[in-house]
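We did not get these values from a lab; they are worked out from the coordinates using the rules stated. All figures in this text were calculated on a predicted structure; none of them were measured in a lab. Virtual Cβ from ideal backbone geometry, glycine too; neighbours counted across all protein chains shown.
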Amino acid sequence: MSDYKAPLEDMRFVLQHLADLRTVQSLPGCEEFTDDLIEAIFEEAGKFAAGVLSPLNRVGDREGARCVDGAVRTAPGWREAYRHFSEAGWASVAAPGEYGGQGLPTLISSSLNEMWKSANLAFSLCPMLTAGAVEAILARGSESLRATYLPKMVSGEWTGTMNLTEPQAGSDLSAVRTRAEPAGDGSYRLFGQKIFITYGEHDLADNIIHLVLARLPDAPEGVKGISLFVVPKFLVEDDGAIGARNDVRCVSIEHKLGIHASPTCVMAYGDAGGAVGYLVGEPHRGLEIMFVMMNMARYAVGMEGVAIAERAWQQALGYANERVQGVDAGVRNGARVPIARHPDVRRMLLLMKSQTEAMRALAAVVASRMDVAERHADADVRAAAQAFVDLMIPVVKGWSTETGIQVASLGVQVHGGMGYVEETGAAQHLRDARITTIYEGTTGIQAIDFIGRKIARDGGTALKVVLDEMRQIAARCDAADDARIQHVGELLHFGIEALETATTHLLDVYAKDIREALAGATPMLELMGVVCGGWQMARAALAARDLLASGDGRESFLRAKIATAHFYADQVLSRADGLAHATLHGGSVLSDDELLD
């Protein structure tokens, strides 16, 4: 497996020229994050990702996590790496200062998360879930819960989990049966089983704080009867010290296709009298609180698509430049050349590169708007930013993860037969990537959310705002003095038209025939991602042109950015019409039962 190197140059470009870093730096609480400080953070994070986490990626895949009598042991080197991660302050970068965090804007912390995920996806899942648990307790937890749990979760001394799924209740959380009974002292006793719990048990931290969905005795049926509870692995004494072991244990861990080093646990609550838990927020409103974690997790999983794509691209490029085979096309008796010179290999490499850059740019723009939605002084500006974020979360999650799998698969293909051999490491990226379209809501669920809650609910208002932004960029491309950028603009216009046509159709059919609308939901989500990627690549090409004209930046990088945008437009954005057609006609076969005989 090749070494990982953080793509700092592209990250800087995206932050400074696409994601509106200056606006983020001007927000309340972000003023101290100067360019010099961000550069220092990125440099150190890149070193940690490359020097500590990346070497353990193959070790974790080979050794995996092991469960013996309910105790989970992580792969060799994992505990030491996690200790270094926490001691260096990386666990606390995004959390608020009042609990020991560093308060980094999401725009910055999401770039760091990409580095962790590229270097070692399985490792990154533990701090990811902890960050989500911290956000949920911050959002609705009592002062007592915050004071008891947040400082050590923020520091990384304790980790957190999200416990939703049960054997009989996969994505349908209305079927959750875990129950919580009042104990009479303000606490509760929980009984039930949860499955697919990432880092539900491990040896990295002193305590694990589970956030668990369960039903109170008076709970109504359905999702409106679910409450949320904090259930620590070890109880916490009044002075903050770790106390007795709680009645929660790991029954087993799953043997998975990928992310072998991340323990995916079956958790049992209440086998010996009831697991002590504490209510978070109001009774029966646990699901809406859990959505705080789920939205963060969905964005973070979208970043996994970006990260895996980057890692697979780096490895494929390195291999293609080193692997000598054949001669240049059309050359007789020529010298043997690296396979990167062959047209189809170049096509695959550029598909990997262009889509990775498009995904990174879109994710960063969304992260920037998250910061505006949280911190801007003007309520109307915050609301507009939040509408954009809400619209884009399923796109970042669904499109980026599906594309990440495609890029990782291309990485195997570039390696040829060697890609199918585990020793090269290319196959691990594909195996690890495969889960990303499934957990935290499958692509189909993201697509249903996208067309239902994000388009139909507001009549397409939020999407129309985005389309207007796209048109402005396409018009700027039309006026550019570079034929390649003009071509990008032409294809972006076509993409916008395809997206408008599909949106009009879905708005018309959604209320009339929900089945037909849902049949076109996944192509619609992909269409949105492809066109949004084209939008960002067009912006990147325009920014690169301006920087070339002013003499700022590395010339070869900027010229490559324009060429990559041109390639993306021809090879990816050009698919928009076909995806729009699939969106419009997806329901045409639903009534044909013979298809599934």
>> What is the sum of charges, Lys and Arg at +1 and Asp and Glu at -1, for the other residues whose Cβ falls under 12 Å from the Cβ of R83?
In response: -4
> In whole angstrom, how far apart do the alpha carbon centroids of segment 496-549 and segment 437-458 sit?
Replying inline: 14 Å
> What order do you get for S110, S86 when you list them from fewest to most C-beta neighbours inside 10 Å?
Replying inline: S86, S110
>> Under the rule of at least 5 residues apart or a separate chain, name every residue whose amide H is placed under 5 Å from the amide H of T198.
In response: M162, C265
>> Please report the net charge: other residues with Cβ closer than 10 Å to the Cβ of E357, K and R +1, D and E -1.
In response: +1
> Computed over the Cα atoms, what is the radius of gyration of segment 75-132 divided by 2.2 N^0.38 Å, N being its residue count?
Replying inline: 1.10
> Give or take rounding to whole Å, what are the principal axis extents of the alpha carbon atoms in segment 138-296, in descending order?
Replying inline: 43, 38, 33
>> Within 12 Å, Cβ to Cβ, of G160, how many net charges do the neighbouring residues add up to if Lys/Arg are +1 and Asp/Glu are -1?
In response: 0
> Farthest toward the dipole's positive end in the chain, which of A541, V365, V324, given Cβ charges of +1 (Lys, Arg) and -1 (Asp, Glu) about the Cα centre?
Replying inline: V324
> For segment 98-113, in order, what is each residue's ³J(HN,Hα) by Karplus, 6.51 cos²θ - 1.76 cosθ + 1.60 with θ = phi - 60°, in whole Hz (x at glycine and Pro)?
Replying inline: 5, 10, x, x, 9, x, 4, x, 4, 4, 7, 5, 5, 5, 4, 4
> Amide H to amide H, which residues 5 or more places from G243 or on other chains are under 5 Å from it, using H placed in the peptide plane?
Replying inline: L235, V236, E237
>> Give me a comma-separated list of calculated 3J(HN,Hα) values for segment 251-263, in order, Karplus coefficients 6.51, -1.76, 1.60 applied at θ = phi - 60°, integers in Hz, x for any Gly or Pro.
In response: 7, 6, 10, 7, 9, 10, 5, x, 5, 4, 7, 8, x
>> Tell me whether segment 44-174 comes out rounded, prolate or oblate; compute the Cα gyration tensor, take square roots of the eigenvalues as a ≥ b ≥ c, and use a/c under 1.5 as the rounded threshold.
In response: oblate
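So if the hydrodynamic radius of segment 387-542 is defined as the Kirkwood radius over C-alpha pairs, what does Stokes-Einstein give as its diffusion coefficient at 4 °C and 1.567 mPa s, in µm² per second? Show your work: numbers first, answer last.
Details: Rh = 17.0 Å.
Using the Kirkwood radius from Cα pairs, D works out to 76 µm²/s.
In this model, which of K454/K561; K5/K117; K194/K256 are farther than 20 Å apart at the alpha-carbon?
Result: K454/K561 exceed 20 Å.
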> What is the set of long-range amide H partners of I259 at a cut-off below 5 Å, with H atoms built 1.01 Å from backbone N?
Replying inline: D432
>> Using each residue's phi in segment 436-453, evaluate 6.51 cos²θ - 1.76 cosθ + 1.60 at θ = phi - 60° and report the 3J(HN,Hα) Karplus result to the nearest Hz, with x for Gly and Pro.
In response: 5, 7, 10, 6, 6, x, 4, 4, x, 5, 4, 5, 4, 4, 5, 7, x, 6
> Over the chain, what is the percentage of antiparallel beta bridges among all DSSP beta bridges, to the nearest 5?
Replying inline: 85 percent
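If the chain between R62 and R515 were fully stretched, how many nm would it gain, using 0.36 nm times the residue separation less the Cα-Cα distance? Please report the intermediate quantities before stating the final value.
On the way: separation 453, 0.36 × 453 = 163.08 nm, distance 4.38 nm.
Computed gain between R62 and R515 is 158.7 nm.
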> Which is the longest stretch in the chain that no exposed loop site breaks, taking sites as trypsin sites (Lys or Arg not before Pro) with a DSSP loop state and at most 13 other Cβ atoms within 10 Å?
Replying inline: 1-176
> Which residues does a label at E32 reach in segment 152-192, if reach means a backbone N under 13 Å from a point 7 Å past the Cα toward the Cβ?
Replying inline: none
